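**Student:** Let me give you the structure first, and then I'll get to my questions.
Read the figures in this text as sums done on the coordinates, not as results from a lab. Not measured: the values here are computed from a predicted model. Cβ coordinates were reconstructed from backbone atoms using ideal geometry, including for glycine residues, and neighbour counts include every protein chain displayed.
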């Protein structure tokens with residue numbers, strides 16, 4: 001098949017290449033915890049790091065938050081860093097004023113201390129365009145994402161949402177769904193494979209949450225997912241496992257299927 005998916009290279013890591021990358025989330029509540037979790041990242045050496053800023057108690061103080069970001073970047077200077085201020089209705093830890101949240105994300109982009117920003121499709125096209133325009137100006141990649149913590153949509157709907165994310169200009173299209181059964185897991189994996197083979201122009205990130213969805217984190221790369229998430233000091237979504245366990249499984253898959 002002709003290679004049509006545009007890969008993304010960030011700090012020596014290739015997103016959309018032949019093998020999935022491991023991302024570990026930071027879910028620190030305060031500055032001291034943030035520094036501890038940054039140290040854990042240095043020891044565990046994931047491919048990517050995601051700061052889930054919605055867990056951070058200082059999120060309402062812009063200057064304090066940007067200071068913390070600067071210090072985090074100094075420690076994790078060699079790691080691709082994703083900035084995620086998750087919206088409450090899609091799993092965010094706290095509720096923020098929508099305009100404040102949008103402006104805070106743009107302020108983080110303008111610091112040039114992050115490599116990627118995760119922003120949800122549910123925000124609407126005007127806000128998405130605002131984030132995309134700001135991100136492009138400061139050479140930050142955008143992950144356009146969708147999360148369903150209750151169910152797994154049908155294959156066609158999963159494909160529609162991923163296609164919308166790339167059509168709106170996302171550099172990476174992401175979806176996370178709740179697997180309530182093995183059938184849900186299969187639905188997500190098949191949708192990922194169809195999207196990759198027939199529609200994708202950008203890297204995909206897909207996962208089925210919960211224990212029943214664990215296989216999507218272990219073997220999602222076979223079907224077309226470019227990033228899988230491991231647990232850091234604390235999990236940021238149901239079904240995450242340790243980076244060591246995840247890396248061991250990915251190594252086995254790569255050796256035997258590569």
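**Student:** Could you check the spin-label model distance between residue 63 and residue 9? Points 7 Å from the Cα along Cα→Cβ, value in nm.
**Tutor:** Label-label distance for residue 63 and residue 9, simple model: 4.1 nm.
**Student:** Assuming a ≥ b ≥ c are the square roots of the Cα gyration tensor eigenvalues, decide whether region 1-142 counts as rounded (a/c under 1.5), prolate (otherwise, with a/b larger than b/c) or oblate.
**Tutor:** Oblate, since a/c reaches 1.5 and b/c is not below a/b.
**Student:** Of 100, 141, 31, which has the largest mean-square fluctuation in a 10 Å C-alpha GNM of the chain?
**Tutor:** Taking springs between Cα atoms under 10 Å, the residue moving most is 100.
**Student:** Moving to a separate point now. Of all beta bridges DSSP finds with both residues in the chain, what is the antiparallel percent, to the nearest 5? Don't jump to the answer; show the numbers that get you there.
**Tutor:** Working: 3 of 36 bridges.
Expressed as a percentage, antiparallel bridges in the chain total about 10.
**Student:** While we're looking at this one, here's another question. Would you mind pulling out the separation of the Cα centroids of region 179-233 and region 96-141, in Å?
**Tutor:** If you average the Cα positions of each part, the centres end up 25 Å apart.
**Student:** From the Cα gyration tensor of region 168-234, with a ≥ b ≥ c the square roots of its eigenvalues, which class applies: rounded if a/c is under 1.5, or else prolate if a/b is larger than b/c, or else oblate?
**Tutor:** On the way: a/c = 2.01, a/b = 1.30, b/c = 1.54.
Cα axes put region 168-234 in the oblate bin.
**Student:** Further, regarding this structure: Under the classification rounded if a/c is under 1.5, otherwise prolate if a/b is larger than b/c and oblate if not, where does region 135-251 fall, given a ≥ b ≥ c as square roots of the Cα gyration tensor eigenvalues?
**Tutor:** oblate
**Student:** Arrange the following residues from fewest to most other Cβ atoms within 10 Å of their Cβ: 97, 54.
**Tutor:** So the residues, fewest neighbours to most, are 97, 54.
**Student:** Which whole-number percent is the relative contact order of the chain (Cα, under 8 Å, 6+ apart)? Provide the component values of the computation, followed by the final result.
**Tutor:** Numbers: 494 pairs, mean separation 50.8, N = 258.
Normalised by residue count, the contact order of the chain is 20 percent.
**Student:** What is the gain in length, in nm to one decimal, between residue 199 and residue 71 on full extension, counting 0.36 nm per residue of separation less the C-alpha to C-alpha distance?
**Tutor:** 42.1 nm
**Student:** Let me ask another. Report, to the nearest 10°, how far helix 243-257 tilts away from the longest principal axis of the Cα atoms in the chain, using its own Cα long axis and a range of 0 to 90°.
**Tutor:** Result, in degrees: 30.
**Student:** Considering every pair of different Cα atoms, what Kirkwood radius, in Å, is found for the chain?
**Tutor:** 18.2
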